[in-house]
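What follows is calculated from the coordinates using simple rules that are stated; it is not laboratory data. What you see is a predicted model, and the numbers here were worked out from it, not measured in a lab. Please note: Cβ atoms are built from the backbone with ideal geometry, for glycine as well, and neighbour counts cover all protein chains shown.
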Amino acid sequence: MSLFDLKTADSPLVISVPHDGALIPESIKAKLYPQFWDTPDRDQGICEVFEFEDLVYSKISANYSRYVVDLNRPANRQTLYPGQQETAICPIRTFKDETIYLPNEEPNTVEIEQRIKIYWQPYHDQLRYLIDKAIARHGWCLLIDAHSIDAELPMLFEGRLPDISIGTFNGASCDTQYVSLIEHALISQKEYSHVTNGRFKGGFITRHYGQPKTHCHAIQLEHVKDIYQGSDQQQLTQFWQDVFLSFKSFSQTN
């Protein structure tokens, strides 16, 4: 099985989906409690939300579970949210603070480095290629890092999350003009609540690749899972397609 699914196109829009994968190698699965083999913290179904019929875009989506390696964490294992709870590049606890590994089976430093080399690095090499290609062809890149999460997770945050969280690392990963287009679209509708740079400000992908000075504008979009499950998926897909079409028009006129 390939490490990721890949769609390439001649477009400034690049979509990254790092957490919708479910595969776990048997050698790793044997070390986990069986109830975690299906990765309950998976961003299940968000990949399908970001499938568009009327847009031209490139897309990379991981096939392997975030329990193998978290593609949205830095390889040097530095913290993203100092002073707040977060999971590691090779998580050992779930979002509900449950132990993932059987006793004495947690990955050691050598195994973590191997997983980074085998699973993490190829994803990021390919993502970098897509971004560089978009900038070379179009002069800019809009990188959307697509995620989803349960509405309530006491280990990570209090209360219920807004339906959609926009993360731009407090404005550092993207020019405000692009964020304003998303915010305007959300303000103009009544279906989804939203916040910008709240509990989620963007993970490693948004922070690392979002470099406005070099014409890559990165935005993390975090969704509460229950807003797109079942028949609601197409509605959310249509919403984002309309938003990104406005980006396309913006790039043509500016």
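Data table
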| quantity | calculated |
| --- | --- |
| Residues with amide H under 5 Å from that of Phe4, placed H, sequence gap 5 or more | Asn63 |
| Positive-end residue of Leu130, Gln35, Thr237, charge dipole of the chain with Cβ unit charges | Leu130 |
| Beta bridges per DSSP with both ends in the chain, % antiparallel, nearest 5 | 35 |
| Footprinting exposure proxy for Trp140, Trp120, Trp240, Trp37 (fewest neighbouring C-beta atoms within 10 Å first) | Trp37, Trp140, Trp240, Trp120 |
| Residues Ile219, Ile187 arranged by fewest to most Cβ contacts within 10 Å | Ile187, Ile219 |
| Two-site label geometry, Tyr33 and Ser188: point separation in nm, points 7 Å out along Cα→Cβ | 4.7 |
| Placed amide H near Leu156: partners under 5 Å, 5+ positions off or other chain | none |
| For the chain, built as a Gaussian network whose Cα springs stay under 10 Å, the top-fluctuating residue of Ser27, Ser148, Ser16 | Ser27 |
| For region 122-128, 3J(HN,Hα) per residue [Karplus equation, 6.51 cos²θ - 1.76 cosθ + 1.60, θ = phi - 60°, Hz, x = Gly/Pro] | x, 4, 6, 4, 5, 4, 4 |
| Sum of -39500 (n - 2.57) over DSSP H runs of 4+, divided by residues of the chain (222 nm, nearest 500) | -8500 deg cm²/dmol |
| Distant-in-sequence amide H partners of Leu32 (H built 1.01 Å from N, under 5 Å) | Leu102 |
| Segment Glu152-Glu48, length gained on full extension (0.36 nm per residue, minus Cα span) | 35.2 nm |
| Evaluated over region 147-254, the Cα radius of gyration and Dmax, each in Å | 14.1, 45 |
| Label-to-label distance, nm, for residues given as Glu98 and Gln235 (7 Å Cα→Cβ offset) | 2.9 |
| Dipole of the chain, positive direction: furthest Cα of Tyr64, Gln211, Gly45, with charges on the beta-carbon | Gln211 |
| Most mobile listed residue (Asp226, Asp20, Asp145) in the chain, GNM with C-alpha springs under 10 Å | Asp226 |
| Region 1-124: antiparallel DSSP beta bridges as a percent of all, rounded to 5 | 55 |
| Total lysine pairs under 22 Å (Cα atoms) in the chain, excluding pairs fewer than 8 apart on one chain | 20 |
| Efficiency of FRET from Cβ geometry, Arg77 and Asp5, R₀ 35 Å, rounded to 0.05 | 0.85 |
